[in-house]
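Each remark here refers to the structure printed beneath this line.
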Amino acid sequence: MRYTGTMRKPVRQPASVRHCLFDTAIGVCGIAWSDGGVRRLQLPEADRSATERRLQAWSGSAGLQPPASRLGSLIENLQSYFAGERIDFSAVTLDLTGVGPFYHAIYAAARCIGWGRTATYGELARMVGSPHAARAVGQALGRNPIAIIVPCHRILASGGRPGGFSAFGGVITKERLLALEGVSLGSETPLLPGLLPARGR
C-alpha cells in the first residue's frame, strides 16, 4: 500500500472491503464499502484511473465489485446530488473503523449541517465541546474519508472564507459543491448561528 507526501498513511483494511466507480455530473466518483457500511467516497481525480487508484489505496479495497444491492439507491442519490438535487445523506451507515473518538465526534457534528447550510471550523469545535480546537477540526476534516456524506465542504473558515479542501481541485471543488447547494462564498454566505439556510432556499 503506497502513499505520498505528508498524507496520513491509511490503515490496512480487511479483504471484505470492495469498491466500484460510477459516473456523475462532475466526473467519475468511487465508493468503497464493507459489511459495516461505507468506508470511503472518492471525488473525481484527474481521470478515471487516478480516481480508482486513490480510492483503492486509501480504502484498502480488495478490488472492483458490482455495488451491493443496498448501495444502489445511495449511488443513485449521489448522482442526483451532483446533478443539483437536494439529497439528505444523514441516514447512510458508515464504517469508520480505525477513526478515533475526536474525529468520530467531528464527523457526526458535520453531518448535522444540512443542504445549503454552513458552519465554521470554530463553530464545529464548539459543537463537540472543544471550543479551542478549530485547527484540529480542520485537520480532521482534511482526513475525512467519506466526502459529501460527511459534508466537510460545508465547513468554512471564519468570515465566510472557504478554508482548505483536500479533494482534487482543492478550494475550487469545494466552491463548486457549495454552489450546487445554492451557497456562494461572498459576503452573504450564510453561517451559524442557527444553521441559517442559503439565501433563496
Per 10 angstrom bin, beginning at 0 and ending with the bin that holds the maximum distance, the Cα pairs of region 98-178 fall in percents of 20, 60, 20, 0
Once you have a ≥ b ≥ c as the square roots of the Cα gyration tensor eigenvalues for region 60-149, tell me rounded if a/c is under 1.5, and otherwise prolate or oblate according to whether a/b is larger than b/c. oblate
Quick check: convex hull of the Cα atoms in region 15-125, volume per residue, rounded to a whole Å³? 115
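Quick note: the coordinates plus some simple rules give every number you see, no bench work behind them. Computed from a prediction, not measured in an experiment: that's the story for all the values here.
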